[in-house]
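Everything on this sheet refers to the single structure shown next.
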Amino acid sequence: LRMASTGAIRKFLAENPKEFDPRKFLIASTKAMKSICQARYEAFGCAGMASKIKPVNLDTMVARYKAGELDPKIN
């Protein structure tokens, strides 16, 4: 995502050298990152699965970690 964002910003600024308002070039950056995310969701078969995700509040997650139910892995 960082590379897509940087590339979109550089392209926008190269094509519009007088536009230096971050609100303008961040629109291009956001679109580039969104397209990468969409492509990855589709490539990995995750598109259309949002309805299966259930929100869990922070207190519940803390309790699950403390109980050892979730195993945090740090590389």
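Taken together, the values in this text are just the output of simple stated rules run on the coordinates, not laboratory data. Owing to the predicted nature of the structure, the values given are computational and were not obtained by experimental measurement. Here the Cβ positions follow ideal geometry from the backbone for every residue, glycine too, while neighbour counts run over all protein chains shown.
A few remarks follow.
- For a straight C-alpha distance cut-off of 30 angstrom, the lysines reachable from Lys31 (same-chain residues fewer than eight places away being disregarded) are Lys11, Lys18, Lys52, Lys54.
- Dipole of the chain, positive end: most advanced residue of Val62, Pro17, Ala47 [Cβ charges, Cα centre]: Pro17
- Scattering profile of the chain at q = 0.12, 0.15, 0.23 Å⁻¹ [log10 I(q)/I(0), Debye over alpha-carbon scatterers]: -0.61, -0.77, -0.96
- Rounded to the nearest 20, the size of the Cβ-charge dipole of the stretch 2-66 about its Cα centre is 140 debye, with Lys and Arg at +1 and Asp and Glu at -1.
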